[in-house]
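To keep things clear, I will list the structure first and then write my remarks on it.
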Amino acid sequence: MPLSEVGAAPVARLSTGIGELDRVLGGGLVPGALVLLGGSPGIGKSTLTNMVLGNLQQAGRKTLYVSGEESAEQIRLRAERLVLTGPSSATNVLRLENPPAPAQSALQVPVLAETDLDTVLDTLAAHAPAVCVIDSVQTLRAADMSGAPGSVGQVREVATRIMELAKAQGMAVILVGHVTKEGALAGPRVLEHLVDCVLQFEGERERPYRELRALKNRFGSTNEAGLFEMRGGGLVEVLDASARFVAEATRAPGSVVLAAMEGSRPLLVEVQALVAPSELEQPRRVVSGIDRNRLALVLAILARHGGEEFRPRPPADVFVNVVGGVRVDEPGCDLAIALAVASASRGVPIAGAAAGGGAPAPAACFGELGLTGELRWVGHPERRLQEAARHGIERVIAPAESGREACEVASLRAALAAALPTASSPEGEGARKGRVRAVSQAAALA
Ligand code: TYD
Ligand code: MG
């Protein structure tokens, strides 16, 4: 039978009432599908899943929250804190200045505090919720299997039996799973092939921002990411993250704005670097929000192609941080890392467009660095430029062919000249004013 004749009804989706989550899921929860939600302890998994069930309950769906971790009292205490607007609200945005009535939907969610798998399955079969949360998959135990809860055998058995029931009943399930400090979904790693969707909740515990990404999705893209902020009333969607990060950008030496792509969405984030003399034989390379190997690569390119002064002698510790606990996972971040490190190492701020009177707007950048020091084109330059323009950033250092509004440069060297012009150099002034022709720029500096 040709595939065109295979009946494929459009997937009916259940909105979680949280726009950012729906988007990462590919449009909402799919009945009968299993979602694995991973994240380190304290990141907000229980809070997020409580909110989801509260919203669905309010929308008239049957829900069940199964907790093997906390007592019903503890769950209630959390639910009391949550401020939900539910799927009925037009924008799905939590409006803190206008909190809803105290009769909170999160408190209407039935809970089962239980660790025995058979009891949980019996309850799920009897209660037949449309959506259930298992918090967490590592705490349930199949009595007929050896091994402690959370062991590979147990976790696999628990998930398999819940999946069978979910498929049979058309119930959407969110399995919560803990991630170890090393970042591995310890037990749940073995579940990744089994479930339909793997979501990862990330962020730093001490900071309010939380990022939700899809690592696997049978019903949507894995490029999407959602941004939240942990507040007193639970998780709040951060709808204009760019505006926030640009406003918070320090513009100090070592800081640059990166026009990144988060899946299909442009996002402006601040990348910061610190370069300090090292006491260590092996200087430190500390990253947060970017890949360590990427920093190593960019430092090597900077040393080789950035000019004499970036050959680190004496050895220096280098720290690079994407502000706000956001993780950037695309080649377009190379240039931002290079410029932040260069700016930090020189102690000179990146040159933004000189705004009339007020503080200069920060400069933004994007682009991938090649091993020969060339700056390479990356996807969606027009959307990155638009996002920068929308937030008042006029000066965006970008690879060639990015767009006429960009300050296009062809090499790392030309980018450095454009971003960190020496006050006396006329080509630096030219770069400050507008579009730089990379070839002449590179020639002038050679
Ligand atoms: P929690 O959802 O319990 O994390 P996880 O299930 O991933 O272990 O949330 C943990 C933290 O969130 C906790 O330290 C308290 C904080 N929090 C808030 O700041 N505001 C809130 O409204 C709630 C419910 C929690
Ligand atoms: Mg929890």
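The values are calculated or read from the model by the stated rules, or taken from the named source; none is laboratory data. Everything quoted here is computed from the prediction, not taken from an experiment. Glycine gets a Cβ as well: all are built from the backbone with ideal geometry, and neighbour counts include every protein chain shown.
The table for this structure:
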{"item": "Members of the range 1-60 that are among the small types (Gly, Ala, Ser), more than 16 Å from ligand 2 (Cβ to nearest atom), farther than 19 Å from Leu239 by Cα and out of contact with any Phe, Trp or Tyr (no Cβ under 9 Å at 6 or more places or on another chain)", "result": "Ser4, Gly7, Ala8, Ala9, Ala12, Gly32, Ala59, Gly60"}
{"item": "Candidate set from the range 368-413 (those that are in a loop (DSSP other than H, G, I, E, B) and within 21 Å of the chain's Cα centre (by Cα)); member that is surrounded by the most Cβ atoms within 10 Å (Cβ to Cβ)", "result": "Val378"}
{"item": "Verdict on Thr63 being more than 14 Å from ligand 1 (Cβ to nearest atom), polar (S, T, N, Q) and at pLDDT below 90", "result": "no"}
{"item": "Considering residues of the range 349-358 that are within 30 Å of the chain's Cα centre (by Cα) and farther than 18 Å from Phe319 by Cβ only, the residue modelled with the highest pLDDT", "result": "Ala351"}
{"item": "Inter-residue pairs, beta-carbon under 8 Å, first within 15 Å of Met230 (Cβ to Cβ) and within 6 Å of ligand 1 (Cβ to nearest atom) and in the range 30-49, second in a helix (DSSP H, G or I) and not hydroxyl-bearing (Ser, Thr, Tyr), 6+ apart", "result": "Gly39/Lys45; Ser46/Ile75; Ser46/Arg78; Thr47/Arg78"}
{"item": "Subset of the range 225-243 (residues that are surrounded by fewer than 20 Cβ atoms within 10 Å (Cβ to Cβ) and away from ligand 1 (no atom under 16 Å from the Cβ))", "result": "Leu239, Asp240, Ala243"}
{"item": "Filter result (buried (at least 20 other Cβ atoms within 10 Å of the Cβ) and part of a helix (DSSP H, G or I)) within the range 139-160", "result": "Gln154, Val155, Val158, Ala159"}
{"item": "Answer from Val198, Val256, Val271 - the residue that is touching an Asp or Glu at 6+ places or on another chain (Cβ under 7 Å) and part of a strand (DSSP E or B)", "result": "Val198"}
